[in-house]
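Have a look at the structure below before the remarks.
The values are calculated or read from the model by the stated rules, or taken from the named source; none is laboratory data. Given the structure is predicted, the values throughout are model-derived calculations rather than measurements. All Cβ positions, glycine included, derive from the backbone under ideal geometry; neighbour counts span all protein chains shown. Heavy atoms of the whole protein, side chains included, go into the accessibility calculation; ligands, DNA and RNA do not. Shrake-Rupley method; radii C 1.70, N 1.55, O 1.52, S 1.80 Å.
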Amino acid sequence: MLDTLHLIGRDQPLFDTDLARHEALLSELVSAGRFLVIGGAGSIGQAVVREIFKRKPWVLHVVDISENNLVELVRDIRSTLGYIAGDFRTFAIDCGSVEFAALMRWAAGYDYVLNLSALKHVRSEKDPFTLMRMVEVNVLNTIATLDQAKAGLASKYFCVSTDKAANPANMMGASKRIMEMFLMRASLELPISTARFANVAFSDGSLLHGFNQRFAKHQPFSAPHDVRRYFVTPQESGELCLLSCLLGENRDIFFPKLSDKLHQITFAEIARRYLRAQGYEPYECASEDEARGRVAELVARRQWPCYFFASDTTGEKDFEEFYTERETLDLARFASIGVIKNEPVFDPAKLTLFLERISALKARGLWTREELVALFHAMIPEFGHKEMGKFLDEKM
């Protein structure tokens, strides 16, 4: 099995010191708690579920629209962690559905509601229909599940954000920034915390997950050579979410501190490390056509065709950041985690405008991508959206 830490350029996990320092409290809170994890069958969601499960919760219910991924989640847990005395169940339903509302009434409340559902890909902004679904999932479903958590007298609501919400350059990051605005409003009535973290290495649908697929199918690797990103492992993403949910104060946003353990690495460099770990030497081709056409020849020589290119698609940010200069930081509380401290600052008129515009567009039955981009700019005047005329779906 490949060593994920080595592939992303690290030899140490990020949060071991903080987990050890707070483990007694974490285990105490989990063992007495009733947990609902929304989007719990995604890559981050599964990691969060594992972190909760291994601390033996009283109740752990998991909701996700992917029936297949829920099945694999259960098989994975049973094959590694086994069983607990508490109530562990999964539900293959949409958190925006009447079925979910019925579940919330049946359950009679949870202590902790963790929302891990999201449309997370930059490529999802390519058309107006997927983009509206991004609004639905990342913003409107968050508002709805917040209201349901509050009605169930939850002690805490956790919602995952993204580093791309800091000075957003794409619609995905901007949708999460807008989500954070609604979280600030909701925090007046229900304690909330969240987390911004780096790319989760080998998460479903990610470019690194694509390396696994390309390798298994004997297909060329393709990656930008000029895009540098921070990476965390799936387990680290679960640990950070649990720490924020249980230890975060109202309106706190947790993020990994930059240190010798965490630094940026290019996708092309990870591709090279991946192939060498598999026993192949990367062979850089001059075009997609060359890479596709020379697979059999190169693989037979223990080489692997790669096409590395300069990024030129809409929404790609040149660098990553977890916070802006306008945000207040607490860097002393944890060894490897920084905390953004927020006041409940939001513009009620803007939030109303956003909901009214979205409602009107949906009622009209058809809308354009340009209308949604303009609305996002109205919500975030400093939105640095990069329109390049190309999208990731146009790449190999």
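Where residues in the range 139-165 are of a type in the set (D, E, K, R) and at pLDDT below 95, which of them is least open to solvent (accessible area, probe 1.4 Å)?
Here the residue is Asp163.
Name the single residue, out of those in the range 237-259 being in a loop (DSSP other than H, G, I, E, B) and more than 18 Å from Leu190 (Cα to Cα), that is most open to solvent (accessible area, probe 1.4 Å).
The selected residue is Leu258.
How many of the residues in the range 42-58 are closer than 26 Å to Glu28 by Cβ and open to solvent by 20 Å² or more (accessible area, probe 1.4 Å)?
Count: 7.
Looking only at the range 45-56, decide whether some residue is among the acidic types (Asp, Glu) and at pLDDT below 95.
Taking every residue of the range 45-56 in turn, none turns out to be among the acidic types (Asp, Glu) and at pLDDT below 95.
A quick yes/no check of all residues on (1) among the aliphatic types (A, V, I, L, M); (2) touching a residue at least 60 places away in the same chain (Cβ under 8 Å); (3) within 15 Å of Leu243 (Cα to Cα):
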| position | (1), (2), (3) |
| --- | --- |
| Asp11 | no, no, no |
| Asp18 | no, yes, yes |
| Glu23 | no, no, yes |
| Leu36 | yes, yes, no |
| Gly42 | no, yes, no |
| Gln46 | no, yes, no |
| His61 | no, no, no |
| Val74 | yes, no, no |
| Arg78 | no, no, no |
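Is it the case that the range 195-207 has a residue that's of a type outside the set (Phe, Trp, Tyr), more than 14 Å from the chain's Cα centre (by Cα) and open to solvent by less than 10 Å² (accessible area, probe 1.4 Å)?
No, that holds for no residue.
Which one is nearest to Phe267 (Cα to Cα) among residues in the range 322-338 that are open to solvent by less than 40 Å² (accessible area, probe 1.4 Å) and at pLDDT below 80?
Once the filter is applied, the top-ranked residue is Phe322.
Please count how many residues of the range 116-133 are more than 15 Å from Arg369 (Cβ to Cβ) and of a type in the set (A, V, I, L, M).
2
Could you check, for the range 120-133, whether at least one of its residues is modelled with pLDDT of 95 or more, of a type outside the set (S, T, N, Q) and closer than 26 Å to Leu247 by Cβ?
Looking for residues that are modelled with pLDDT of 95 or more, of a type outside the set (S, T, N, Q) and closer than 26 Å to Leu247 by Cβ, one finds none in the range 120-133, hence no.
Determine if the range 97-118 includes at least one residue that is crowded, with 18+ Cβ neighbours inside 10 Å and either touching a Pro at 6+ places or on another chain (Cβ under 6 Å) or at pLDDT below 90 (or both).
Yes: one or more hits.
Restricting attention to the range 30-41, and to residues there that are out of contact with any strand residue (DSSP E or B) (no Cβ under 6 Å at 6 or more places or on another chain) and buried (at least 21 other Cβ atoms within 10 Å of the Cβ), which single residue is nearest to Val160 (Cα to Cα)?
Gly39
Would you pick out the residues in the range 64-97 that are farther than 22 Å from Arg34 by Cβ and assigned to a helix (DSSP H, G or I)?
Glu67, Asn68, Asn69, Val71, Glu72, Arg75, Asp76, Ser79, Thr80
Within the range 361-373, can you find the residues that are open to solvent by less than 60 Å² (accessible area, probe 1.4 Å) and out of contact with any Pro (no Cβ under 7 Å at 6 or more places or on another chain)?
Once the filter is applied, which keeps residues that are open to solvent by less than 60 Å² (accessible area, probe 1.4 Å) and out of contact with any Pro (no Cβ under 7 Å at 6 or more places or on another chain), the range 361-373 yields Leu361, Gly365, Val373.
Mind checking which pairs have a first residue in the range 288-313 that is farther than 11 Å from His218 by Cβ and a second that is in a loop (DSSP other than H, G, I, E, B) and aromatic (Phe, Trp, Tyr), Cβ under 8 Å, 6 or more apart or different chains?
Cβ pairs passing all conditions: Arg302/Tyr280; Gln303/Tyr280; Thr313/Phe391.
Can you tell me which residue in the range 119-138 is nearest to Gly173 (Cα to Cα), limited to those that are open to solvent by less than 40 Å² (accessible area, probe 1.4 Å) and not in a helix (DSSP H, G or I)?
Checked the range 119-138; the qualifying residue nearest to Gly173 (Cα to Cα) is Leu119.
Applying the selection to the range 251-305, what residues are hydroxyl-bearing (Ser, Thr, Tyr) and in contact with a Cys (Cβ under 9 Å, 6 or more places away or on another chain)?
Tyr283
Being in a loop (DSSP other than H, G, I, E, B), of a type in the set (A, V, I, L, M) and either at pLDDT 90 or above or open to solvent by less than 40 Å² (accessible area, probe 1.4 Å) (or both), is that true of even one residue in the range 286-308?
Yes, some residue in the range 286-308 is in a loop (DSSP other than H, G, I, E, B), of a type in the set (A, V, I, L, M) and either at pLDDT 90 or above or open to solvent by less than 40 Å² (accessible area, probe 1.4 Å) (or both).
On the given criteria, is Thr233 under 30 Å from Lys156 (Cβ atoms), among the β-branched types (Val, Ile, Thr) and open to solvent by 10 Å² or more (accessible area, probe 1.4 Å)?
So Thr233 fits the description; yes.
Quick check on the range 12-29: of everything there that is aliphatic (A, V, I, L, M) and more than 23 Å from the chain's Cα centre (by Cα), which residue is surrounded by the most Cβ atoms within 10 Å (Cβ to Cβ)?
Across the range 12-29, the extreme among qualifying residues is Leu29.
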